[in-house]
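Here the structure is laid out as structure tokens; the discussion comes afterwards.
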Amino acid sequence: MKNISYTIKRMIISALVLALTTSGCAQTAGNTPGAAGNAPESENETAGPDEQGAEQAAGEKAEAAGDTGIPEIMPAEKAEASGDGKTDVSGAHETLPLKELFADDFKMGVAVQAIDHWNDPTAEIGNPDKEELIKREFNSMTFGNEWKPAYNFDSTSPTLYKTDPAAEELLTWAKKNGIPVRGHTLVWHSQCNPNIFAKDFKAVSNGSPTTDWNAKLDPDCLVDSSTLVKRLRTYIRGVMEYTYSAGFADTVYAFDVINEASEEKNADGLRESYYYQIIGPDFLYYCFLFAREAELDYAKEYAALYGLDAETDDLSSIMPKLFYNDYNEWFPARSAAIRRFISEDVYNEDQKLIKSDAIAKDGDGTIAGDGLIDGIGMQGHLDDTQNIDQYIRALHAYSEIVDEVHITELDVGETASGDFAEQKQAAFVNEFFRRLLKAKEEGAKLTSVTWWGLTDDASWRRGANPLLYHGDLSEKPAYEALQLAARGEEYDASNPPSLRDSSDMIFDFEPKMVDGTLTNHKPEDLGFYSRGSGHQSALRFVNDDNHTEGAPIGRCLKVTREESDATVRLDISRFIGETINISIWVKTADSAVTLGVSGDSDTVLSTTAQTGDWVEIKGACRLNEGLQSASLFIETDGNSDILVDDVYVTTGN
């Protein structure tokens with residue numbers, strides 16, 4: 001459809017909305033059949049947490065509103081959790097530090113960064129007040145960035161490893177204060193110096209040298225498989241030897257050996273990283289084997305440094321547990337892929353791939369069967385509408401194949417508006433932890449839970465406010481919700497404020513003249529926020545493309561992203577109790593775009609084929625009065641940037 005004038009466009013859209021309302025159709029003619037909501041990382045897996053209907057009964061509550069055919073977005077029915085009823089937040093019980101509150105259940109950890117790393121004033125270590133809070137509340141630490149390969153790989157070192165000063169600062173602080181550390185991470189396709197893949201350690205992209213880990217490398221610069229395997233072994237052993245020789249092996253209790261290697265849309269469930277492209281799936285096995293060999297070797301070599309006898313003493317206290325770590329790990333397809341390549345895929349039958357004394361004598365050639373892995377890390381980047389049933393099922397499934405499960409990067413994004421946003425988050429956190437405790441009673445092997453940050457203002461999901469503390473270190477309601485959860489008590493969220501301002505939403509993103517002054521809004525001022533569980537998008541207004549011809553400036557909303565789960569949402573909570581009709585114009589290089597509504601779960605309204613030009617996506621639904629918040633979301637089947645313009649959300653019968 002060609003662009004048309006600004007005024008005429010509004011008249012036509014009004015007519016279209018009226019026609020849509022009259023017909024009562026939630027999915028418009030011409031849309032591709034079914035829902036192509038994307039799982040993060042381009043896996044056509046989810047705009048909602050239930051594989052778009054495969055497990056709909058567990059979480060998705062869209063029901064027909066009367067006989068109109070328009071879906072009704074219903075509040076979720078809560079599953080049974082530990083506890084015996086609601087409790088008000090009265091302070092009748094003593095408030096305990098989180099590490100004491102859950103001492104009998106699992107470690108309670110926090111991700112930190114050093115101010116010295118990037119001179120970030122919101123970082124934790126180097127801020128005395130934050131340090132005191134961490135020492136009081138937590139008994140596990142993970143470094144947000146400082147120990148990742150990008151900052152510790154050194155091609156000039158014989159070990160290919162040189163400790164980042166900020167990583168050493170954090171390790172020293174943790175050891176001094178008696179806080180165990182999760183090492184994050186040995187091998188990752190992202191935040192990885194691309195020189196490790198290149199001949200002479202000189203990565204080239206489009207003929208030019210590069211250190212960008214997102215760059216597409218020129219094929220003729222890449223090393224062969226055997227060279228990269230040797231480099232992996234050298235780097236992993238370099239990290240491990242430093243850990244032991246510097247006296248930190250009794251502080252580091254776990255290592256994420258590999259981070260985010262899955263991509264379930266591929267037949268073998270693996271991401272096509274350069275590790276994969278050069279070595280193949282075997283790189284997974286090599287990494288775990290090299291890590292296991294290293295700790296066995298160095299535990300003996302450096303035992304005396306820790307007051308142990310290498311021949312007679314149990315060395316397990318200086319042997320970190322080895323983990324595979326991933327995000328969106330609760331989605332059924334991704335969970336199945338991870339469990340398959342960890343416990344079912346045979347890499348080294350009869351040690352034909354590689355021989356090692358570190359391999360279990362009765363090994364079967366799989367990573368788990370050969371005794372090379374101890375646990376699975378479930379990152380846990382959630383929001384307060386997440387399907388908890390699905391998460392718990394994944395927790396139990398992982399517990400069947402490994403000895404331990406850690407939740408490694410927990411945060412819970414707020415989806416409601418105003419003051420009630422924190423209340424809704426708190427209610428979710430309370431239920432989530434009560435369900436975790438119940439799962440442990442049922443046999444789940446959860447031994448550590450780490451919050452991915454301390455305060456909202458320093459979170460990587462800034463704007464979603466997903467953590468336990470405000471920027472001034474005051475506790476959010478979610479903190480009190482944890483206190484109640486540990487006692488098996490439900491958090492009784494206050495009633496949501498009246499949100500019944502159901503006037504139409506019409507956004508063309510043009511600056512408006514108010515009292516003689518040109519106003520420039522930010523996306524969040526209009527209710528647009530980044531949406532994603534494993535990654536976040538960047539939202540900004542641009543004027544290099546737009547949908548409506550004749551607009552004063554010609555702006556649209558640009559959603560910049562690198563991964564497919566990083567998308568955009570629009571808060572529509574003010575329409576709760578109403579039937580709404582939606583029309584949005586979208587442009588993307590991906591082949592399909594999905595429109596949906598998130599209430600207490602996600603519901604897809606329509607999926608529309610893309611042409612590379614502006615395409616209208618439409619849908620309709622009723623937001624049940626029992627909902628506490630609601631958002632529209634837009635997703636695609638890839639990870640290309642998304643342009644959004646001319647957004648219409650109107651009420652109708």
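Results for (1) aliphatic (A, V, I, L, M); (2) within 29 Å of V412 (Cβ to Cβ); (3) in a strand (DSSP E or B), shown as yes or no for each residue.
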{"site": "K587", "(1), (2), (3)": "no, no, yes"}
{"site": "T594", "(1), (2), (3)": "no, yes, yes"}
{"site": "V604", "(1), (2), (3)": "yes, yes, yes"}
{"site": "T607", "(1), (2), (3)": "no, yes, yes"}
{"site": "R622", "(1), (2), (3)": "no, yes, yes"}
{"site": "G626", "(1), (2), (3)": "no, yes, no"}
{"site": "F633", "(1), (2), (3)": "no, yes, yes"}
{"site": "V647", "(1), (2), (3)": "yes, yes, yes"}
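Of the strands (runs of 3 or more DSSP E) entirely within segment 452-545, those holding at least 2 residues that are open to solvent by 40 Å² or more (accessible area, probe 1.4 Å) occupy 512-514, 517-519, 538-542.
Restricting attention to segment 608-638 and to residues that are open to solvent by 10 Å² or more (accessible area, probe 1.4 Å) and in contact with a Lys or Arg (Cβ under 6 Å, 6 or more places away or on another chain), the residue that is nearest to Q423 (Cα to Cα) turns out to be Q628. Beta carbons closer than 6 Å, at least 6 apart along the sequence or on distinct chains, pair a first residue in segment 443-472 that is farther than 26 Å from I376 by Cα with a second that is of a type in the set (V, I, T) and open to solvent by less than 10 Å² (accessible area, probe 1.4 Å) for Y469/T455; G471/T455. Sort out which residues of segment 628-653 are aliphatic (A, V, I, L, M) and out of contact with any helix residue (DSSP H, G or I) (no Cβ under 8 Å at 6 or more places or on another chain), and write them in order of number. If the condition is that a residue be aliphatic (A, V, I, L, M) and out of contact with any helix residue (DSSP H, G or I) (no Cβ under 8 Å at 6 or more places or on another chain), then L632, I634, I642, L643, V644, V647 are the ones that fit.
Going by the structure shown, is D613 assigned to a loop (DSSP other than H, G, I, E, B), without any contact (Cβ under 8 Å) to a residue 60 or more places away in the chain and touching a strand residue (DSSP E or B) at 6+ places or on another chain (Cβ under 8 Å)?
Numbers: assigned to a loop (DSSP other than H, G, I, E, B): yes; without any contact (Cβ under 8 Å) to a residue 60 or more places away in the chain: yes; touching a strand residue (DSSP E or B) at 6+ places or on another chain (Cβ under 8 Å): yes.
So D613 fits the description; yes.
Scanning segment 134-158 for residues that are part of a helix (DSSP H, G or I) and open to solvent by less than 10 Å² (accessible area, probe 1.4 Å) yields I134, E137, P149.
F201 - would you say it is among the aromatic types (F, W, Y), open to solvent by less than 50 Å² (accessible area, probe 1.4 Å) and either modelled with pLDDT under 95 or touching a helix residue (DSSP H, G or I) at 6+ places or on another chain (Cβ under 9 Å) (or both)? Break it down into steps so the answer makes sense when it comes.
Working: among the aromatic types (F, W, Y): yes; open to solvent by less than 50 Å² (accessible area, probe 1.4 Å): no; either modelled with pLDDT under 95 or touching a helix residue (DSSP H, G or I) at 6+ places or on another chain (Cβ under 9 Å) (or both): yes.
No, not satisfied.
Considering segment 387-416, and only residues there that are under 19 Å from T455 (Cα atoms) and assigned to a loop (DSSP other than H, G, I, E, B), the residue that is modelled with the highest pLDDT turns out to be E414.
Of the residues making up segment 112-133, just one is small (G, A, S) and open to solvent by 10 Å² or more (accessible area, probe 1.4 Å), namely G126.
Among the candidates R569, R574, the residue that is open to solvent by 20 Å² or more (accessible area, probe 1.4 Å) and closer than 19 Å to T608 by Cβ is uniquely R569.
Cβ separations smaller than 6 Å between residues 6+ apart or across chains give the following pairs from segment 342-362 residues that are without any contact (Cβ under 8 Å) to a residue 24 or more places away in the chain to residues that are acidic (D, E): A360/D370. Per the conditions (1) touching a strand residue (DSSP E or B) at 6+ places or on another chain (Cβ under 7 Å); (2) open to solvent by 10 Å² or more (accessible area, probe 1.4 Å), the sole criterion not satisfied by S273 is (1). Within segment 441-470, if we keep just the residues that are of a type in the set (K, R) and in contact with a helix residue (DSSP H, G or I) (Cβ under 9 Å, 6 or more places away or on another chain), the residue that is farthest from G126 (Cα to Cα) turns out to be K445.
Can D250 be described as under 27 Å from E169 (Cα atoms) and in a loop (DSSP other than H, G, I, E, B)? Taking the combined requirement at face value, the residue satisfies it. Scanning segment 96-111 for residues that are open to solvent by 10 Å² or more (accessible area, probe 1.4 Å), under 11 Å from E137 (Cα atoms) and of a type outside the set (A, V, I, L, M, F, W, C) gives P97, K99, E100, K107.
Residue check: S316 meets all listed conditions (1) surrounded by fewer than 18 Cβ atoms within 10 Å (Cβ to Cβ); (2) of a type outside the set (D, E, K, R); (3) more than 21 Å from G369 (Cα to Cα); (4) free of Cβ contacts under 8 Å to residues at least 24 places away in the same chain but one, namely (3).
Within segment 554-563, take every residue that is touching an Asp or Glu at 6+ places or on another chain (Cβ under 6 Å) and farther than 19 Å from M505 by Cβ and give me the one that is least open to solvent (accessible area, probe 1.4 Å). Top of the filtered list is E563. Out of all the residues in segment 355-383, which are open to solvent by less than 30 Å² (accessible area, probe 1.4 Å), more than 16 Å from F323 (Cα to Cα) and in contact with a Pro (Cβ under 9 Å, 6 or more places away or on another chain)? Of everything in segment 355-383, those that are open to solvent by less than 30 Å² (accessible area, probe 1.4 Å), more than 16 Å from F323 (Cα to Cα) and in contact with a Pro (Cβ under 9 Å, 6 or more places away or on another chain) turn out to be H381, L382. Regarding A310, is this residue small (G, A, S) and closer than 21 Å to N152 by Cα? Here the answer is no, as A310 does not meet what is asked. Scanning segment 255-274 finds one or more residues that are in a helix (DSSP H, G or I) and closer than 18 Å to Y235 by Cα.
Among the residues that make up segment 639-647, is at least one of them β-branched (V, I, T), crowded, with 24+ Cβ neighbours inside 10 Å and either out of contact with any Cys (no Cβ under 8 Å at 6 or more places or on another chain) or at pLDDT 95 or above (or both)? Yes. Taken across segment 326-337, residues that are more than 24 Å from N387 (Cβ to Cβ), open to solvent by less than 10 Å² (accessible area, probe 1.4 Å) and assigned to a loop (DSSP other than H, G, I, E, B) do not occur at all. Being over 27 Å from the mean Cα position of the chain (by Cα), closer than 30 Å to K176 by Cα and surrounded by 23 or more Cβ atoms within 10 Å (Cβ to Cβ) is a property that A249 has.
Filter segment 558-585 for residues that are among the acidic types (D, E) and part of a loop (DSSP other than H, G, I, E, B); which is modelled with the highest pLDDT? That would be E578. Would a scan of segment 597-607 turn up a residue that is of a type in the set (A, V, I, L, M), open to solvent by less than 40 Å² (accessible area, probe 1.4 Å), modelled with pLDDT of 90 or more and within 13 Å of D641 (Cα to Cα)? No, the conditions are met nowhere in segment 597-607. Within segment 398-437, take every residue that is of a type in the set (A, V, I, L, M), open to solvent by 10 Å² or more (accessible area, probe 1.4 Å) and touching a Ser or Thr at 6+ places or on another chain (Cβ under 6 Å) and give me the one that is farthest from W330 (Cα to Cα). For segment 398-437, the residue satisfying everything is A416. Taking segment 204-213 as the range and being among the charged types (D, E, K, R) and surrounded by fewer than 11 Cβ atoms within 10 Å (Cβ to Cβ) as the test, no residue passes.
The values are calculated or read from the model by the stated rules, or taken from the named source; none is laboratory data. Quantities reported herein were computed from a predicted structural model and do not represent experimental measurements. FYI the Cβ positions are ideal-geometry reconstructions off the backbone, even for glycines, and counts take in every protein chain you see. All accessible areas refer to the heavy atoms of the entire protein, side chains included, with ligands and DNA or RNA removed. Shrake-Rupley method; radii C 1.70, N 1.55, O 1.52, S 1.80 Å.
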